[in-house]
């Protein structure tokens, strides 16, 4: 998925930084990814640690992490179910009605064909689940597969805060339901869908990785349609973009971010804390250093990388200027 703040390109930097502090043998380690997003960091360490704890307040993110992190055992018949879903006849459901132009509306997040495919697939997954015909593991695997496949044909310039006026090339392609196969693991992992500042009081471990929102852009608004596909509930979409009610993060407000951050650091029952943050964030580097230094030994490493930025053309992204990513490190007293 194209995702704001994705750490895909920064994984070598993050991994090597964690190794240099916590060591290379993490086999007995409890690793927590508290603002997990698509789960890319947790998935990277899944094979190396004893337990992953993954969390995110957005439900689409919970679905992805429940599949990629929570599913540890092989899932029976998953290919068969993907094939059945791929062969369904299109259906005019919630997504087509509210987010496709053919429904006589203005919104065009998906082509009419793909909107109907999403509706048919999503409804069938829920029917199987409600009737007890599929397991929890298979349910979240199928949902994750649908979310990622739908995202590939979305008619947006990366996020769902707006749709494009004309169908771009990738949005004209027919949705193909591709497998979101999780990695098998001998260990059990845990996934949550909670406010991070509340969950922190209920968990403990060795390594806490933090990647909170940097700026005022709320993920619940930027990815509202993925939440709608994931939850598939009945509501009245609001405004031109069809927004749903969404969670608002304390980390997206200059007024509340510092207090929330210090509460999190103070309450964390983890030996090592790693915070990814860049030079465009609401908190300054000095803010972060001041807070973290209160609670143990502080250090800082950084790297420059080429950032992708959404544009307004048919190209989903274009290369923007380099940005600096900081990894703030705390060994708690």
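Could you say which residue among 226, 258, 275, 327 is assigned by TED's automatic domain parsing to the domain that holds residue 196, assigned to a helix (DSSP H, G or I), at pLDDT 95 or above and under 21 Å from residue 35 (Cα atoms)? Talk me through it step by step, then tell me what you get.
Values: 226 fails: assigned by TED's automatic domain parsing to the domain that holds residue 196; 275 fails: assigned to a helix (DSSP H, G or I); 327 fails: assigned to a helix (DSSP H, G or I).
Among 226, 258, 275, 327, only 258 is assigned by TED's automatic domain parsing to the domain that holds residue 196, assigned to a helix (DSSP H, G or I), at pLDDT 95 or above and under 21 Å from residue 35 (Cα atoms).
Can you tell me which residue is nearest to residue 211 (Cα to Cα) among those in segment 11-31 that are in contact (Cβ under 8 Å) with a residue 60 or more places away in the chain and in contact with a helix residue (DSSP H, G or I) (Cβ under 9 Å, 6 or more places away or on another chain)?
Applying the filter and picking the extreme gives 14.
Identify, by number, the condition in (1) part of a loop (DSSP other than H, G, I, E, B); (2) buried (at least 16 other Cβ atoms within 10 Å of the Cβ) that residue 76 doesn't meet.
(2)
Conditions tested, residue by residue: (1) in a strand (DSSP E or B); (2) within 11 Å of the chain's Cα centre (by Cα); (3) at pLDDT 95 or above.
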| position | (1), (2), (3) |
| --- | --- |
| 2 | no, yes, no |
| 11 | no, no, yes |
| 19 | no, no, yes |
| 24 | no, no, yes |
| 27 | no, no, yes |
| 31 | yes, no, yes |
| 35 | no, yes, yes |
| 41 | no, yes, yes |
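Can you tell me which residue is surrounded by the fewest Cβ atoms within 10 Å (Cβ to Cβ) among those in segment 79-114 that are at pLDDT below 95 and assigned to a loop (DSSP other than H, G, I, E, B)?
Restricting attention to segment 79-114, the residues satisfying the condition of being at pLDDT below 95 are 102-106.
When the remaining residues are screened for being assigned to a loop (DSSP other than H, G, I, E, B), the result is 104-106.
Values: 104: 7, 105: 14, 106: 10.
Filtering first and then ranking leaves 104.
So which residues in segment 149-171 are farther than 19 Å from residue 94 by Cβ, under 18 Å from the mean Cα position of the chain (by Cα) and part of a helix (DSSP H, G or I)?
Across segment 149-171, the qualifying residue is only 152.
Please find, among 117, 101, the residue that is free of Cβ contacts under 8 Å to residues at least 12 places away in the same chain and under 26 Å from residue 3 (Cβ atoms). Step through it out loud before you land on a result.
Values: 117 fails: free of Cβ contacts under 8 Å to residues at least 12 places away in the same chain.
It is 101.
The values are calculated or read from the model by the stated rules, or taken from the named source; none is laboratory data. What you see is a predicted model; the values in this text were computed from it and never measured. Cβ coordinates were reconstructed from backbone atoms using ideal geometry, including for glycine residues, and neighbour counts include every protein chain displayed.
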